[in-house]
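To start, the structure itself, in structure tokens.
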Amino acid sequence: MKMRVSQLKPEAGLRLIENVNGLTKNPIVPKDTIITNEIIDVLNAFAVKEVEAVKADNSEKLMKKKAKNHQIDPISESKQNDKKLLYFQQHYQEVVKEYKKEFQRWQSGGTVDISIIRRLVIPLFEQLEKEPIHVLFLQNYIENVQDYIYHHAISVGLISGYLAKRLNMNRGECFQVTLAGSLCDCGMARVNPGILNQNIINNDDQREIKLHPTYSYKMLQKIPSLSTSAKLAVLKHHERIDGSGYPLKEKGKNIHLYAKIIAIADVYHALICNRIYKTKVSPFRAIEIMTREMFGKLDVSVLQTLTNCLMPLSINMLIKLSTHQIGKILFIDHRYPTRPVIQLVESNEVIQLNEQNDISIKEILNN
């Protein structure tokens with residue numbers, strides 16, 4: 001039956017029996033959704049006056065009761081989430097520390113021992129697979145910007161592997177993409193080390209840096225356990241769809257899918273991290289930059305997959321706005337994935353960022 005949103009009560013155990021539609025064919029809130037405080041906030045945010053709702057039937061009530069009986073106390077659950085984040089962070093930091101040792105060995109002329117890289121990266125990737133929420137916080141784990149290059153390698157590997165998984169690649173391919181992502185910059189060990197942490201990069205330095213994909217490929221080309229596709233991805237991860245990349249100026253279909261995946265992971269992680277010469281942006285802003293300012297350069301389907309990976313993970317996350325206010329993400333409209341519906345913590349006011357062009361998300365906070 002039709003009910004006014006102003007009269008909805010979460011404790012009444014109501015269920016939507018019709019989609020709540022916006023301006024597109026996709027619903028704002030789909031039918032069969034149980035009405036909660038958060039759903040009411042979303043309905044109010046979209047100025048919905050009435051909805052079709054009924055009392056949830058006995059089986060639904062029983063399921064809710066059962067779920068409630070098995071619910072963890074919110075404080076306990078928060079502590080458990082904190083422990084998971086801390087455990088992953090500790091594991092991640094150890095992997096970065098060991099990768100740094102390998103990189104320094106390469107700088108001294110050593111060869112890539114793929115068994116060591118596999119031992120470091122794959123268990124961490126498997127941990128992230130189970131708890132992908134960690135993808136949102138990789139940028140927060142860099143304590144010293146001088147170590148960015150080592151963090152970048154591990155994070156690009158993790159993000160690339162997760163994108164491969166979301167693109168329905170098989171297990172072996174996911175591992176190959178993860179390893180390729182982690183090793184795509186190994187050739188930076190052959191670049192003049194004085195360049196790596198400079199505030200200003202001149203044209204000569206830039207030319208030398210652009211040799212790193214070729215160096216990386218040469219360092220990996222004789223490793224039999226790395227697939228040809230993975231090696232090509234390392235060589236071509238700086239190629240761009242429009243031919244503006246390097247080192248081969250490849251275009252579109254000539255760029256291997258693995259390389260397109262790693263390219264997006266590479267650009268995304270570079271944007272969300274503080275570096276010697278730039279300040280980080282939020283994951284939301286990074287997606288906007290990649291979608292709008294790099295249009296025609298990055299693979300659209302892979303970028304959409306990254307967006308579909310990240311944005312739902314941020315629901316209920318605390319964020320800091322450009323106004324310095326703290327808010328909670330209530331709802332993400334597929335039409336405006338980087339401009340979600342936010343509830344301000346201090347005032348409980350609900351705002352739609354797609355209608356507030358002067359406000360943006362500055363940072364996702366560790367809840």
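General remarks:
- Chain lengthening between Gln146 and Lys9 when straightened (0.36 nm per residue, less Cα-Cα): 44.0 nm
- Note on the range 91-209: Cα-Cα pairs beyond 25 Å make up 25% of the total pair count.
- Nearby aspartates and glutamates by direct alpha-carbon distance to Lys2 (threshold 13 angstrom, same-chain neighbours under 8 apart not counted): Glu18, Glu50, Glu52
- Residues Lys31, Lys320 ordered from highest to lowest accessible area at a 1.4 Å probe: Lys31, Lys320.
- Where GluC sites (Glu not before Pro) in DSSP loops with at most 14 other Cβ within 10 Å are excluded, longest remaining stretch of the chain: 144-345
- Between amide H atoms placed 1.01 Å from N, distances below 5 Å from Phe331 occur with Val341, all of them 5 or more places distant or on a separate chain.
- Residues whose amide H lies under 5 Å from that of Arg275, counting only those 5 or more places away or on a different chain, are Lys280; hydrogens are built 1.01 Å from N in the peptide plane.
- Alpha-carbon centroid distance for the pair the range 299-367 / the range 208-281, whole angstrom: 29
- Listed peptides 175-182, 257-264 appear in the order 175-182, 257-264 once ranked by packing, highest mean of other Cβ atoms within 10 Å at the front.
- Beyond 20 Å in Cα-Cα separation lie the following of the pairs Lys210/Lys362; Lys236/Lys260; Lys210/Lys260; Lys100/Lys260; Lys251/Lys280: Lys210/Lys362; Lys100/Lys260; Lys251/Lys280.
- Efficiency of FRET from Cβ geometry, Glu349 and Leu211, R₀ 51 Å, rounded to 0.05: 0.45
- Percentage of interatomic Cα-Cα distances in the chain larger than 30 Å: 45
- Projected label distance in nm at Met1 and Lys31, using a 7 Å step from Cα toward the beta-carbon: 1.9
- Distant-in-sequence amide H partners of Asn21 (H built 1.01 Å from N, under 5 Å): Ile28
- Cα gyration tensor shape for the range 318-367, rounded if a/c is under 1.5, else prolate or oblate: rounded
- Gain upon complete extension [Ser115, Gln304; 0.36 nm per residue less C-alpha separation]: 64.8 nm
- FRET efficiency for Lys55 and His334, using Cβ-Cβ distance with R0 set to 45 Å, rounded to 0.05: 0.95
- Prolate/oblate/rounded label for the range 190-248 (Cα gyration tensor, a/c 1.5): oblate
- Along the range 166-178 the Karplus relation, 6.51 cos²θ - 1.76 cosθ + 1.60 evaluated at θ = phi - 60°, assigns HN-Hα couplings of 5, 8, 6, 6, 6, 4, x, 5, 4, 5, 4, 5, 4 Hz to successive residues, with x for each Gly and Pro.
- Gain upon complete extension [Gln107, Tyr277; 0.36 nm per residue less C-alpha separation]: 58.9 nm
- The range 280-367: C-alpha gyration tensor shape, a/c 1.5 cut-off, then a/b vs b/c: prolate
- For the range 219-329, a Kirkwood radius taken over Cα pairs fed into Stokes-Einstein (10 °C, viscosity 1.306 mPa s) yields D = 102 µm²/s.
The values are calculated or read from the model by the stated rules, or taken from the named source; none is laboratory data. All values derive from a computational prediction rather than experimental measurement. Using ideal geometry, Cβ is built from the backbone for each residue, glycine included, and neighbour counts are taken over all protein chains shown. In case anyone asks, the SASA skips ligands and DNA or RNA and just uses the protein heavy atoms, side chains included. Shrake-Rupley method; radii C 1.70, N 1.55, O 1.52, S 1.80 Å.
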